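Data first, discussion second: the structure below is written as structure tokens.
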Amino acid sequence: GGVFKTGGFRLSPHVILDAVRQTGLGWAVAALIASHGFSFFHNYLAGGEYRRVGLAQLMMQPYARVVVLHLVIIGGAFLVMALNSPVPALVLLIVLKTAIDLGAHLAERRKLGTLPPGQAVLATTSS
């Protein structure tokens with residue numbers, strides 16, 4: 001239990017924690033867990049989204065963002081080849097992904113009834 005076998009590599013919680021430690025991503029992983037955990041409890045449970053959203057809708061939500069992410073990665077690869085530098089592609093990926101994620105989050109809040117239409121972005125942190 002708790003171990004996934006993929007070819008000759010065993011994926012376990014211990015292996016994952018070691019990889020996070022070795023790459024220095026502890027704070028980033030902790031921030032993601034905190035952010036998504038807060039959103040889950042605040043919006044899905046306390047906000048009652050679980051009553052308004054079906055499983056099929058939840059399963060389909062990430063695909064639009066995944067498609068955009070892949071297009072940005074492909075476009076970024078062409079940018080890297082054209083400019084001979086990964087920095088512009090990295091900046092493009094960070095800016096677009098952050099903007100799209102924020103827009104998708106706000107649209108989701110409006111759609112699921114936890115953010116009134118036209119509500120300011122800052123209002124999401126005060127409620």
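FYI, it's all coordinate maths here, none of it is from the lab. Values in this document were obtained by computation on a predicted structure and should not be read as measured data. Because the Cβ atoms are built from the backbone with ideal geometry, glycine has one as well, and the counts that use them run over all protein chains shown.
Highest first, please rank the peptides 99-106, 32-39 by the mean number of other Cβ atoms sitting within 10 Å of their residues.
Details: 99-106: 13.4, 32-39: 10.9.
By packing density, highest mean first, the sequence is 99-106, 32-39.
At what distance in nm do the modelled label points of residue 78 and residue 58 sit from each other, each positioned 7 Å from its Cα along Cα→Cβ?
Spacing of the two 7 Å Cα→Cβ label points: 3.8 nm.
Can you run phi through the Karplus equation (6.51, -1.76, 1.60; θ = phi - 60°) for the stretch 54-61 and list ³J(HN,Hα) in whole Hz, with x for Gly and Pro?
x, 4, 4, 5, 5, 5, 8, 4
Pop out the ³J(HN,Hα) list for the stretch 71-87 in order, Karplus 6.51 cos²θ - 1.76 cosθ + 1.60 with θ = phi - 60°, rounded to Hz; leave Gly and Pro as x.
Each residue of the stretch 71-87 in turn: 5, 5, 5, 5, x, x, 4, 5, 5, 4, 5, 5, 9, 6, 8, x, 4 Hz.
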